[in-house]
Amino acid sequence: MATTSFTAPKLSSPTFQTLCRNLPLSLPIPKTLSSFSFHLSPFLSRFHLHHHHPTPRFHPRRLFAVRAESENGAEPLRHYDFDLFTIGAGSGGVRASRFAANFGASVAVCELPFSTISSETTGGVGGTCVLRGCVPKKLMVYASKYSHEFDESNGFGWKYDTEPKHDWSTLMANKNAELQRLTGIYKNILNKAGVTLIEGRGKVVDPHTVDVDGKLYTARHILISVGGRPFIPDIPGSEYAIDSDAALDLPSKPEKVAIVGGGYIALEFAGIFNGLTSEVHVFIRQKKVLRGFDEEIRDFVGEQMALRGIQFHTEESPQAIVKSADGSLSLKTNKGTIEGFSHIMFATGRRPNTKNLGLESVGVKINKNGAIEVDEYSRTTVPSIWAVGDVTDRINLTPVALMEGAALAKTLFQNEPTKPDYRAVPSAVFSQPPIGQVGLTEEQARKEYGDIDVYTANFRPLKATLSGLPDRVFMKLIVCAKTNKVIGLHMCGEDSAEIAQGFAVAVKAGLTKADFDATVGIHPTSAEEFVTMRTPTRKIRQSSESQGNMGHEAKTAAGV
Amino acid sequence: MARKMLVDGELNQTNKEGAEYDFDLFVIGAGSGGVRAARFSANYGAKVGICELPFHPISSEVIGGVGGTCVIRGCVPKKILVYGATFGGEIEDARNYGWEVNEKLDFNWKKLLQKKTDEINRLNGIYKRLLSNASVKLLEGEGKIIGPNKVEVTQPDGTKLSYSAKHILIATGSRAHRPPIPGQELAITSDEALSLDDLPKHAVVFGGGYIAVEFASIWRGLGATVDLFYRKELPLRGFDDEMRAVVARNLEGRGIKLHPQTNLTELVKTDNGIKVITDHGGELIADVVLFATGRLPNTKRLNLEAVGVEIDKTGAVKVDEYSRTNIPSIWAVGDVTNRMNLTPVALMEGTCFAKTVFGGESSKPDYRNIPCAVFSIPPLSIVGLSEEEAIEQVNGDVLVFTSTFNPMKNTVSGRQEKTIMKLVVDAETDKVLGASMCGPDAPEIMQGIAVALKCGATKAQFDSTVGIHPSAAEEFVTMRSVSRRVTARGKAKTNL
């Protein structure tokens, strides 16, 4: 869903629906049937009394669902308003609802009214990704990247009589017009799939009943996909801070902004505001940004961002925000006070939206972070209630929520119990420069495999040699010494996110370093570096710590 | 097998009779293939000499330069100009993102040219250093073969040196070819196009291959009026037809005037510029006319006849699967053999040559699933089979998955240009046989996909890969519904 318009035609593609609708007709009774046979007869007798769907071709698909109920113990036979009621129409919820409907289920989804800022009472069809996350963020990244491109273009002979100026309101207007279009598209998608969309706040009343602003709906299955929201720690003056929701929809350009946090959201916004010519200070608790990422990537991206003018304040934690008489904000930290901020943004984590959903009362277990506990099939502790996406706090990425939603629809309505597969999930950070990665970090690989070979490249890309800017690219392959499999791939530099995707297919497929080497490069690209890394930078062996540097291959050789 | 034994036998001889030759290997031509083969052979312990013509951006019989076409007159300078030209569109796109940029932009061609020249000079130096670091002896001059184991190098001052070598490698590359029409001398080739003193105001490009569309894109991006003439209905013959149509549409969308199925018949010098006459009777005036009508191997002055090295009718050196000519001590790699004329392929051939001859390991270059890119604006990149090739080659049905979409960036910039992606899958085995994409970043995106294809990845493996969101590339792993199923031999079974 990188792209916006593709989603619409694709998701609602008649082709897909036709396929899905028609497919089961020609399907033999699934093999899995035998394993359910124990539950079969009570189910079948019950099913025939259930007239929600007149077409009998959906019988087999109900099996798993019914098994779920029978596990829950004997339950009186009843009619439900819907086979599935989804609370939350973000990435995971929409995906699960649409697919469920395509598989023949009757589905409703409820969502809060649209707003660019989320709260207990506002949200909007499309969810975080479309309205307050991936999409507006990426649009802002596009907008902000131009200032770097203007700089680059100088090196390529382009000249501007007057320095290009940025008009904040134009960007916001165009961005919001796009978001409106997208939320419309999402509504359309649901509508075309035959999903009933209900605006309002959903609350679980019992294992089969949802209350939306006072109206009750019954459902065989309930899906919680309410996502997460930014979290701002409670320090004096925190009411003056903004979160990422607000940062994506500021009425005017922040002149001088403090960003608290070292995670991907913090870095992405640092790049955005820096590119849009704000003065940017980033405050991180640790020595380095991006905890959890590969150490070398952490170092590299920090250096590159600093070179573009972002000021990092490491090991500096906020203690209070003070508003001055002139309206400007001061940030007091463990190291001192910095004054004169127009905005202070907290990117200090997100929390699942599980409050006031009625979950505790029906027995849905929630962990200490507020995330719903689910099994491998996304089922909560209440058998008829399921949860996908950020509210479960597994891997909080749109494509993972999509995977979880799709798997759930298959499990419930296609008689095909499907676990989401969390191995080798690639991801990107749209910092400037961006990061793309898949698989293990060097540190994880060392722990898990012991003996690994690490290949790295750190080079000045062709574009930078002309632009004269200090941009560099860093790439890294981590190979299991025993199996030769590529178990980790990391890149920071222009186009990293786009480059990592294809390699993710290769890593997911378990390909080896030899397979990479056998692939011919595309010249001249940055990506070709991943298939032309001939000499390991270091070989790590459990017996002896490290074999050190294996020699220098001149990167400037452009592969020759 | 026989080949391997022969090579091993020869290697043993090297030890015994090593002193007999000046070099174990003498390479004629220090481009991508030659430099790679020379360096790798030297790394295997061979004594290597290499000769190359004096450096100049524009090649001829007597000038060239270390680095070869790729570095001096091809990939590198071309990509630099493509970068330069891409900014034109980028700056337009910036406006709807809120950037206020002067209507009238100043682009300084001379500055770009100077920086390009600086960069290729720098690379030329790096290549020379690479050779000397590998202990390869570099000689400046024109190489000729005067015996199965003898090479003569004519130095720039005219003195001739001759060397004996156990193996000779021909890696002289190719040069642009001009069609013999009246006034052809008024036209330029890609060599000159990369070094023009002034940016053309109105350029005519003749040719439908990748070089033609790349230069059309470069000049258009920098503000010139561009007319592109080609013989076929669509540019880029040999590529997937659907992609060709998209490229044509995009070129047009960016403001290039397309003249399909049109030949140039004559060029005439006039006071206002060059008058270009077509076989449709059309006429127009241009200040630059580029012929991008193909390249021919550089074999004319190598004296190949004297030793009996066979060449084909295009002038390409004939070689076997190990890059050996019909004369056992003479080998050839790269464009001069006219196999697949790409830098990374020449590198692969050079590597395999060194392994085979000096590494004790017979290695054939593998030409399957070689990815490539056309740096038009926006670019095209492919790996594996086109839809047409798949239909031709596969026994059973072919599944075609396509996705055409408006890239996210365009939703705000307002640019009307779709990105298209395509996967061609063998219905029976589920193997992905071909992938193609036309849109921003296509060449960068395709490299990883190429690894997957090279190793026989299935559509199911693509589908099981989670997307990177929001990217264009994630489309390749989220193509759920088949666009069409085609039975072998091109009959559409269902067109959903």
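Quick look at the values:
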| read-out | value |
| --- | --- |
| Furthest towards positive pole of dipole, A:480, B:294, A:275, structure part the protein assembly as shown, Cβ charges | A:480 |
| Rounded Å value of the spacing that divides the Cα centres of region B:45-104 and region A:475-506 | 28 |
| Chain B - percent of accessible surface contributed by carbon and sulfur, probe 1.4 Å | 49 |
| Per residue, in Å², the accessible surface of region A:107-181 once ligands and nucleic acids are set aside, probe 1.4 Å | 31 |
| Contour excess over end-to-end distance, with Cα ends at residue A:460 and residue A:255 and 0.36 nm allotted per residue | 70.6 nm |
| Net charge over other residues, Cβ less than 13 angstrom from the Cβ of residue A:434 (K, R count +1; D, E count -1) | -3 |
| Hydrodynamic radius by Kirkwood, which averages 1/r over all alpha carbon pairs of chain B, in angstrom | 24.5 |
| Across A:175/A:253; A:463/A:513; A:159/B:116, pairs whose alpha-carbon gap is larger than 19 Å | A:463/A:513 |
| Which of B:218, B:308, B:411, positive extreme of dipole for chain B (C-beta unit charges) | B:308 |
| Percent of beta bridges antiparallel (DSSP, the protein assembly as shown, rounded to nearest 5) | 65 |
| Diffusion constant of the protein assembly as shown at 25 °C, which comes from Stokes-Einstein with the Kirkwood Cα-pair radius and 0.890 mPa s, µm²/s | 78 |
| For region A:348-470, accessible area per residue (1.4 Å probe, heavy atoms of protein chains only), Å² | 37 |
| Residues losing 50 Å² or more accessible surface upon assembly, region B:388-431, compared with the chain by itself, 1.4 Å | B:408, B:409, B:411, B:412 |
| Separation between Cα centres of region A:312-328 and region A:333-361, rounded to whole Å | 14 |
| Calculated FRET value between residue B:111 and residue B:364, using beta carbons and R₀ = 51 Å, to 0.05 | 0.65 |
| Kirkwood Rh, angstrom, region B:371-487 [1 / mean 1/r, Cα pairs] | 14.4 |
| Estimated inter-spin distance, residue B:197 and residue A:356, nm [label 7 Å along Cα→Cβ] | 7.6 |
| Sorted peptide list for A:239-248, A:389-398, criterion being average Cβ within 10 angstrom, highest first | A:389-398, A:239-248 |
| Equivalent ellipsoid semi-axes - Cα gyration tensor, region A:225-338, angstrom | 22, 17, 16 |
| Phi-based couplings in Hz for region A:496-512 (Karplus 6.51, -1.76, 1.60; Gly and Pro marked x) | 3, 5, 5, 5, 5, 4, x, 5, 4, 4, 5, 5, 4, 6, x, 6, 9 |
| Residue-averaged [θ]222 nm for chain B, counting only DSSP H segments that reach four residues, each worth -39500 (n - 2.57) | -9500 deg cm²/dmol |
| Using θ = phi - 60° and Karplus 6.51 cos²θ - 1.76 cosθ + 1.60, couplings along region B:56-63 (whole Hz; Gly, Pro as x) | 6, x, 9, 8, 7, 4, 10, 10 |
| Förster radius 22 Å - calculated FRET efficiency between residue A:365 and residue A:231 (Cβ-Cβ, nearest 0.05) | 0.60 |
| Drop in accessible area of at least 40 Å² in the complex versus isolated chain, residues of region A:466-508, 1.4 Å probe | A:466, A:495, A:498, A:501, A:502, A:505, A:508 |
| Cα-based equivalent ellipsoid of region B:271-332: semi-axis lengths in Å, sorted from largest, via gyration tensor | 41, 12, 10 |
| Interface B:A - total buried accessible surface [probe 1.4 Å, Å², rounded to 100] | 8300 |
| Sum of side-chain charges, residue A:381 neighbourhood, beta-carbon under 10 Å (Lys, Arg +1; Asp, Glu -1) | 0 |
| Label-to-label distance, nm, for residues given as residue B:162 and residue A:163 (7 Å Cα→Cβ offset) | 6.8 |
| Relative frequency of Cα-Cα separations exceeding 24 Å in region B:179-292, percent | 18 |
| For region B:239-288 and region A:231-258, distance of Cα centres in Å | 55 |
| Surface accessible to a 1.4 Å probe, per residue, for the residues of region B:420-488, Å² | 21 |
| Three-way shape call for region A:426-540 based on the alpha-carbon gyration tensor, with the a/c threshold at 1.5 | prolate |
| Approximate spin-label separation residue B:320-residue B:103, in nm, with each point projected 7 Å along Cα-to-Cβ | 7.0 |
| Nearest-0.05 FRET efficiency for residue B:241 and residue A:328, computed from C-beta distance (R0 60 Å) | 0.45 |
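The values are calculated or read from the model by the stated rules, or taken from the named source; none is laboratory data. Remember, it's a predicted structure, so these values are computed and weren't measured experimentally. Positions of Cβ are generated from backbone atoms using ideal geometry, with glycine treated the same way; all protein chains shown enter the neighbour counts. Calculation scope for accessible area: heavy atoms of the full protein, side chains included, ligands and nucleic acids excluded. Shrake-Rupley method; radii C 1.70, N 1.55, O 1.52, S 1.80 Å.
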